[in-house]
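The values are calculated or read from the model by the stated rules, or taken from the named source; none is laboratory data. Computed from a predicted model, the values in this text were never measured in an experiment. Neighbour counts run over all protein chains shown; Cβ positions are idealised from the backbone, glycine included.
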Ligand code: ARG
């Protein structure tokens with residue numbers, strides 16, 4: 001039965017009903033919907049709006065509905081939305097007393113409450129998953145802190161660094177992602193129930209009490225705002241999209257690192273797939289999907305922004321469109337974080353290939369310029385001299401490492417035997433011991449900081 005049939009004489013057209021109903025997707029929030037109703041019912045009892053007997057009868061029936069859905073005994077079908085479904089079932093079980101539950105409440109504040117409860121759980125789960133991922137990356141970084149590799153700018157070899165340094169970079173991003181979700185939670189965890197349809201209620205309700213029962217930190221301060229904004233959902237989707245972007249970037253690296261041209265990683269059999277025609281293939285499908293699925297979640301964010309743009313106060317049915325992007329983002333993010341953490345724990349790095357690549361592309365040219373600058377030549381001039389040395393190497397098929405001291409001396413009298421050590425990748429790495437650098441001692445500090453950050457999350 002519709003919750004609003006009194007004013008109508010004809011049934012909703014079949015296709016219009018199909019179009020209007022949200023049960024097919026908002027059934028996902030049945031736990032939140034029932035929890036919100038139980039708290040609302042207890043509040044009505046506390047405030048004397050219903051009596052204790054009525055309160056107990058309604059709460060007992062709601063508990064029974066929850067148990068039956070959880071246990072697979074009650075199928076969620078045959079109603080307009082989850083709110084109607086639970087209320088219809090309540091009345092079916094408890095009789096007329098069930099019809100009192102909706103006193104001082106509207107589906108508008110009810111649905112806003114359900115979504116906030118739902119997102120709060122999503123956030124807590126996501127923070128835990130991000131913590132595991134950041135830990136897995138930090139552990140890998142610790143194991144690879146002496147593995148040299150090139151750092152790139154413009155996708156060209158730029159300076160030597162270590163794989164540990166590289167992995168810590170991403171671990172830092174995922175820690176920040178977790179912090180963003182935690183910050184967003186503060187704005188999600190505010191109770192809109194009591195806002196009513198839009199202009200609140202005439203009943204003497206106790207919103208703070210309902211908030212306490214449901215674990216909210218406070219209540220929304222304006223009923224029109226309470227039922228009509230979804231900024232907290234947009235913020236959640238923005239956090240989700242940002243996390244997916246980070247996943248997309250690191251997986252893009254792994255896709256090309258797995259190719260023969262790079263050969264930096266050996267894809268684990270458990271996380272790659274073959275080709276139906278090319279027997280030799282081992283494809284980075286998981287990494288590609290992690291890259292591709294970022295598009296979905298960015299799309300979910302754009303959907304929500306577009307739905308809300310230009311909506312007048314207060315509730316508009318457009319807002320029913322908030323759920324599918326939220327559910328999709330949550331499901332995509334959860335699966336992505338789980339599979340990628342498992343991948344990181346399993347993936348093997350080809351240390352020989354990474355170390356060999358570190359010195360390529362004259363990546364130690366900055367060392368040469370720094371060497372001259374530390375001996376008194378202004379850096380700009382040192383840069384100029386080094387540029388000429390690189391040109392000499394290019395034209396004579398030499399590397400900065402196999403140049404002789406005499407050759408170096410032809411470019412500047414400031415060179416001595418020390419230059420041959422200075423242009424070794426390991427030496428370049430070891431001397432970068434400033435905060436944020438790639439020296440093993442500094443990386444130890446970064447790793448310790450990351451571990452402490454993960455514990456704090
Ligand atoms: N299914 C609706 C939604 O998700 C619930 C609120 C309905 N409110 C209303 N006034 N029709 O937004």
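Just one of 58, 69 is more than 14 Å from residue 97 (Cα to Cα), surrounded by 18 or more Cβ atoms within 10 Å (Cβ to Cβ) and more than 12 Å from the ligand (Cβ to nearest atom); which is it?
None of the other options fit; the residue is 69.
Mind checking which residues of the stretch 225-256 are in a helix (DSSP H, G or I) and farther than 20 Å from residue 173 by Cα?
225, 226, 227, 228, 231, 232, 233, 234, 256
For residues that are surrounded by fewer than 16 Cβ atoms within 10 Å (Cβ to Cβ) and in contact with a strand residue (DSSP E or B) (Cβ under 7 Å, 6 or more places away or on another chain), tally how many sit in the stretch 181-214.
1
Quick one: residue 48 ticks every box in (1) modelled with pLDDT of 95 or more; (2) closer than 21 Å to residue 89 by Cβ except a single one, so which number is it?
(2)
Among the residues of the stretch 96-126, which ones are more than 16 Å from the ligand (Cβ to nearest atom), touching a residue at least 24 places away in the same chain (Cβ under 8 Å), more than 24 Å from residue 242 (Cα to Cα) and assigned to a helix (DSSP H, G or I)?
If the condition is that a residue be more than 16 Å from the ligand (Cβ to nearest atom), touching a residue at least 24 places away in the same chain (Cβ under 8 Å), more than 24 Å from residue 242 (Cα to Cα) and assigned to a helix (DSSP H, G or I), then 97, 98, 100 are the ones that fit.
Take the conditions in contact with a strand residue (DSSP E or B) (Cβ under 7 Å, 6 or more places away or on another chain), at pLDDT 95 or above and farther than 20 Å from residue 131 by Cβ and apply them to residue 218. Does it pass?
yes
Would you check if there is a residue in the stretch 226-233 being farther than 20 Å from residue 325 by Cα and at pLDDT 95 or above?
yes
Here's the yes/no breakdown for (1) in contact with a helix residue (DSSP H, G or I) (Cβ under 8 Å, 6 or more places away or on another chain); (2) closer than 30 Å to residue 181 by Cα; (3) modelled with pLDDT of 95 or more:
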| residue | (1), (2), (3) |
| --- | --- |
| 238 | yes, yes, yes |
| 252 | yes, yes, yes |
| 255 | yes, yes, yes |
| 258 | yes, no, yes |
| 272 | yes, no, no |
| 283 | no, no, no |
| 286 | yes, yes, yes |
| 290 | yes, yes, yes |
| 293 | yes, yes, yes |
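Looking only at the stretch 304-332, filter to residues that are touching a helix residue (DSSP H, G or I) at 6+ places or on another chain (Cβ under 7 Å) and away from the ligand (no atom under 14 Å from the Cβ); which one of those is nearest to residue 232 (Cα to Cα)?
The qualifying residue nearest to residue 232 (Cα to Cα) is 305.
Let me confirm something: among 150, 204, which residue is at pLDDT 95 or above, more than 16 Å from the ligand (Cβ to nearest atom) and part of a strand (DSSP E or B)?
None of the others qualify; the one that does is 150.
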